[in-house]
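Just below is one structure, and these are the notes that go with it.
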Amino acid sequence: MVSLNVMDKAKIMDDREIRMRGMEALYKSLGPAAALRFLSLLYWEPTDYVEIYRRLYEEQTIDEIFARARQNWQE
């Protein structure tokens, strides 16, 4: 389970920051050519979001998912 310390909670990322970090992670993980290819695949091919969610949460209980969401909730 992921836990956030006080400093992490203070620095909630906005959409721009998430995009930038995501691009950096893709570039670092896949390299420039494969990162661009991945992005083009997402843009042009239909995406099965149900399958993505199943893979992300398959070994987690609903209570674990909600507990993590509560940790990251902003009021």
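The values are calculated or read from the model by the stated rules, or taken from the named source; none is laboratory data. Bear in mind that the values here come from a model prediction, so they are computed numbers and not experimental data. Cβ coordinates were reconstructed from backbone atoms using ideal geometry, including for glycine residues, and neighbour counts include every protein chain displayed.
Among the candidates MET7, MET20, which residue alone is exposed (fewer than 10 other Cβ atoms within 10 Å of the Cβ), more than 19 Å from ALA69 (Cβ to Cβ) and either at pLDDT 80 or above or hydrophobic (A, V, I, L, M, F, W, C) (or both)? I'd like the intermediate steps shown before the answer.
On the way: MET20 fails: exposed (fewer than 10 other Cβ atoms within 10 Å of the Cβ).
Exactly one residue qualifies, and that residue is MET7.
Note on region 31-53: residues that are part of a helix (DSSP H, G or I) and out of contact with any helix residue (DSSP H, G or I) (no Cβ under 7 Å at 6 or more places or on another chain) total 16.
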